[in-house]
Amino acid sequence: MQVTEQRFDNALLLKVSGRLDRDTADEFKATLLPHVEKCRLGGDVLLLDFSDLEYVSSLGFQVLLLAQQKAKAQSGSFGVAALQPAVKSVLDVANFARVIRCFESVENALGVMSHSAHTAYLQGR
Amino acid sequence: MVTAQTRQFNARLEPFSAVREFIERFCAGAEAPKRTGEELVLIVDELSENTVRHGYPSIEGKATEWPIWLTLSVSGRDIVALYEDAAPAHNPFDNIVPPDYSGPAESWRIGGWGVPLIARIAGSLRYEHSGGRNRIHFTLPIDRTGM
């Protein structure tokens with residue numbers, strides 16, 4: 001599991017690659033939660049790019065739920081984008097899209113979550 | 001013809017990747033589609049997480065060995081799996097209650113999705129306790145034509 005960061009104006013994009021399972025969920029949690037602290041009203045928009053995420057177990061889902069719970073408590077803007085079919089089918093069992101904002105693509109997500117970040121993303125491509 | 005294979009793992013010490021590699025090798029030999037392999041990995045991932053989180057830690061005095069056994073075979077067009085541990089008897093499928101997220105976020109229960117996931121994916125799911133082991137039997141299709 002790898003996480004790489006990119007900033008587009010007020011949005012932090014974390015690209016998560018590999019597998020979120022029993023071996024990697026703790027590391028993912030330790031990486032993600034400090035960023036969630038800054039995901040608040042007037043702070044960072046936080047978006048996870050799952051286009052290279054191959055696998056997620058319920059432990060990975062727990063970390064995402066925790067992040068959403070904290071972001072919501074801080075009135076922050078948090079979402080995930082570009083879920084692959086294998087990952088989406090697991091998350092669908094838990095009605096994931098009912099509790100966490102899911103977008104088809106990073107571009108689509110930033111277009112909804114932050115106009116300035118969307119502009120920066122398009123300029124940076 | 002793929003022969004049945006059983007492997008014992010130490011759920012406390014071995015990374016889950018060791019279990020995953022065993023499953024992936026078996027599925028390749030059985031010519032199972034990628035999706036079947038992924039679902040088998042997911043089910044065993046969730047079962048072993050339950051063993052590690054709830055099963056062995058509940059033993060008084062704490063067990064030093066945390067063995068799990070996985071037996072895989074092929075029957076007809078199915079992969080037949082048996083997952084076992086030696087933790088205290090417990091049927092995780094007795095009363096499945098998925099977490100409810102209809103309330104406010106601060107009231108959400110973080111966790112509890114492993115068992116509903118297994119129940120949704122696994123075929124012919126059956127629990128028994130015998131010979132001092134929790135035994136969970138299930139199947140997954142090799143042939144997904146028409147699914």
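The values are calculated or read from the model by the stated rules, or taken from the named source; none is laboratory data. Just so you know, these numbers come straight off a predicted model, no measurement behind them. For neighbour counting, all protein chains shown are included, and Cβ atoms are generated from backbone atoms with ideal geometry for every residue, glycine included.
Here are the numbers for the structure shown:
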read-out	value
Close pairs (7 angstrom Cβ cut-off, 6 or more residues apart or separate chains): at the interface with chain A (Cβ under 9 Å from one of its Cβ atoms) in segment B:96-111, loosely packed, with under 14 Cβ neighbours inside 10 Å and not in a loop (DSSP other than H, G, I, E, B) anywhere	B:101/A:98; B:105/A:73; B:106/A:73
Members of segment A:79-97 that are within 11 Å of another protein chain (Cβ to nearest Cβ), within 22 Å of residue B:106 (Cβ to Cβ) and buried (at least 17 other Cβ atoms within 10 Å of the Cβ)	A:91, A:94, A:96
Selected residue [within 17 Å of residue B:46 (Cβ to Cβ) and more than 18 Å from the chain's Cα centre (by Cα)] from B:92, B:99, B:116	B:99
Some residue of segment B:97-116 being of a type in the set (Lys, Arg) and not in a loop (DSSP other than H, G, I, E, B)	no
Condition met for residue B:68 (β-branched (Val, Ile, Thr), within 14 Å of chain A (Cβ to nearest Cβ) and assigned to a loop (DSSP other than H, G, I, E, B))	no
From B:86, B:11, B:28, B:81, residue being touching a Gly at 6+ places or on another chain (Cβ under 9 Å) and buried (at least 20 other Cβ atoms within 10 Å of the Cβ)	B:11
Spans of strands (runs of 3 or more DSSP E) in segment A:1-57 with at least 1 residues within 13 Å of chain B (Cβ to nearest Cβ) and either more than 26 Å from residue A:122 (Cα to Cα) or within 12 Å of the chain's Cα centre (by Cα) (or both)	A:11-20, A:45-56
Residues that are in contact with a helix residue (DSSP H, G or I) (Cβ under 6 Å, 6 or more places away or on another chain) and more than 11 Å from residue B:141 (Cα to Cα), drawn from segment B:28-38	B:38
First in segment B:112-132 and free of Cβ contacts under 8 Å to residues at least 60 places away in the same chain and more than 8 Å from chain A (Cβ to nearest Cβ), second anywhere and of a type in the set (Val, Ile, Thr) and buried (at least 16 other Cβ atoms within 10 Å of the Cβ), Cβ under 6 Å, 6 or more apart	B:123/B:139; B:124/B:139; B:127/B:136
Those residues of segment B:1-20 which are at pLDDT 90 or above and not hydrophobic (A, V, I, L, M, F, W, C), in sequence order	B:3, B:5, B:6, B:7, B:8, B:10, B:17, B:20
Cβ-Cβ under 9 Å pairs, at least 6 apart or on other chains, segment A:58-75 side within 7 Å of chain B (Cβ to nearest Cβ), far side among the acidic types (Asp, Glu) and surrounded by 23 or more Cβ atoms within 10 Å (Cβ to Cβ)	A:58/B:45; A:58/B:46; A:59/A:21; A:59/B:45; A:59/B:46
